[in-house]
Amino acid sequence: MISIKDLHKSYSIGNSSLHVLKGINFEVEEGELVAIMGSSGSGKSTLLNILGMLDIADEGDYILDQVPIKNLNETKAAKYRNQFLGFVFQSFNLINYKSALENVSLPLYYQGIKRKERQEIAMDYLEKVGLKEWSTHLPSELSGGQKQRVAIARALASKPKVLLADEPTGALDSTTSYEVMDLIQKINQEGKTILVVTHEEDIARMCKRIVRLKDGVIIEDKNINQVLASSYV
Ligand code: ADP
Ligand code: MG
C-alpha cells in the first residue's frame, strides 16, 4: 500500500538547514495499523505530512497504492490525496459554525456528490462512530472525544485507502483516548490501513506495529501483540 525508500527532508531556517528525515525506509501493507513513535521534534509530523502528500520530500521515493508520488502537479496531487487519504489531527480541525453532519458531508461536496446523497453518507458515518443523535450539534456542543469521532467520520466518508492520524489522542484524557483508539481499532479490523503518530507508549501498544523514529532515522520497527482498547473503556 505504501512504500518509501531513502526519504530525506530538511528545513531551512535562515542560513542554516535542519536535516529532519535522514533516509527513512519502510513498507506498509494493506490492513496494517502502524504507530509512528518518537519524542517531540523527531520528525513524526514531517513524515506523516509527506505520506499525506501535504508536503514533499527532498529526496527518496514514495509509492502509494502503486502510484509513484513524485513531480505531481497540484491538481494531480489533490486528486490522489482526496482519493487515497483521510486525515485526523490532534486539534480535530472541524468547522466551528457547521453541524457535525455538515462537517462530515463537506468533503463530499467537493467530490461533486449531490446534497441528499451527501447527507445520507454523512449520517451513515456519524452512526458508525456512535454520534447519529448528535448530527445537528455544533462542535462547541461536543466533548473532545465526540469531536474527534466526528473528524474520524469525516475522514472515512470519502472512503480513503489509508487513514493518517497525527496525535489523534493528543488533546484527550486517557479514558477518551482509549475510546478513540477503540474506534480506530474497529475501523482497522474492517480492513482499513491506518497510521497513527503518537508519542504515548500506551497508545502505540494499541496498534499492531510500532515504528520508532529518533534523530531522523528509524531505530526500531516491530510487530507487537496489540492491546485492545476495549479492555479499558
Ligand atoms: P514531531 O511531529 O515528531 O514533533 P516535526 O516533524 O513536527 O516533529 O518536527 C521535526 C523538526 O523539524 C522539529 O525540530 C521542528 O521544529 C522542525 N520543523 C518542523 N516543521 C518545520 C518548518 N516548517 N520549518 C522549519 N522547521 C520545521
Ligand atoms: Mg508532530
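The values are calculated or read from the model by the stated rules, or taken from the named source; none is laboratory data. Remember, it's a predicted structure, so these values are computed and weren't measured experimentally. Glycine gets a Cβ as well: all are built from the backbone with ideal geometry, and neighbour counts include every protein chain shown. Only protein heavy atoms, including side chains, enter the accessible area calculation; ligands, DNA and RNA are left aside. Shrake-Rupley method; radii C 1.70, N 1.55, O 1.52, S 1.80 Å.
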**Complete:** Here the residues within the stretch 9-55 that are more than 16 Å from ligand 2 (Cβ to nearest atom) and β-branched (Val, Ile, Thr) are Ile13, Val28
**Complete:** Lys128: passes all of (1) touching a strand residue (DSSP E or B) at 6+ places or on another chain (Cβ under 8 Å); (2) at pLDDT 95 or above but (1)
**Asked** Inside the stretch 30-51, can you point out the residues that are open to solvent by less than 50 Å² (accessible area, probe 1.4 Å) and in a loop (DSSP other than H, G, I, E, B)?
**Response** Gly31, Glu32, Gly38, Ser42, Gly43
**Prompt:** Inside the stretch 163-185, can you point out the residues that are among the charged types (D, E, K, R) and either in contact with a strand residue (DSSP E or B) (Cβ under 7 Å, 6 or more places away or on another chain) or within 16 Å of ligand 1 (Cβ to nearest atom) (or both)?
**Reply:** Asp166, Glu167
**Message:** Could you list, ordered by first residue, the pairs with Cβ atoms under 6 Å in which the first is in the stretch 117-145 and among the hydroxyl-bearing types (Ser, Thr, Tyr) and the second is surrounded by 15 or more Cβ atoms within 10 Å (Cβ to Cβ) and in a helix (DSSP H, G or I), at least 6 apart or interchain?
**Reply:** Tyr125/Val104; Tyr125/Ala153; Tyr125/Leu156; Tyr125/Ala157; Ser135/Ala100; Ser135/Leu101; Ser135/Leu126
**Fill in**
Taking the stretch 161-196 and the residues there that are within 12 Å of ligand 2 (Cβ to nearest atom) and surrounded by fewer than 24 Cβ atoms within 10 Å (Cβ to Cβ), the one that is nearest to the chain's Cα centre (by Cα) would be Asp166
**Prompt:** Going by the structure shown, is Leu142 in contact with a strand residue (DSSP E or B) (Cβ under 6 Å, 6 or more places away or on another chain) and either open to solvent by 20 Å² or more (accessible area, probe 1.4 Å) or away from ligand 1 (no atom under 16 Å from the Cβ) (or both)?
**Reply:** no
**Fill in**
Screening Gln111, Gln66, Gln90, Gln83 for residues that are polar (S, T, N, Q) and within 15 Å of ligand 2 (Cβ to nearest atom) leaves only Gln90
**Which listed residue, of Glu102, Glu74, Glu120, Glu127, is within 22 Å of Thr176 (Cβ to Cβ) and either open to solvent by 60 Å² or more (accessible area, probe 1.4 Å) or of a type in the set (Gly, Ala, Ser) (or both)** = Glu127
**Complete:** Among the residues of the stretch 1-15, the number that are farther than 17 Å from Leu195 by Cα and not in a strand (DSSP E or B) is 2
**Fill in**
Restricting the stretch 147-160 to residues that are more than 23 Å from Ile50 (Cα to Cα) and touching a residue at least 40 places away in the same chain (Cβ under 8 Å), the one most open to solvent (accessible area, probe 1.4 Å) turns out to be Lys147
**Asked** Hey, Glu27 hits all of (1) under 17 Å from the mean Cα position of the chain (by Cα); (2) not in a strand (DSSP E or B) but one; which does it fall short on?
**Response** (2)
**Request:** Would you tally the residues in the stretch 8-58 being more than 10 Å from ligand 1 (Cβ to nearest atom), under 24 Å from Gln226 (Cβ atoms) and of a type outside the set (D, E, K, R)?
**Result:** 10
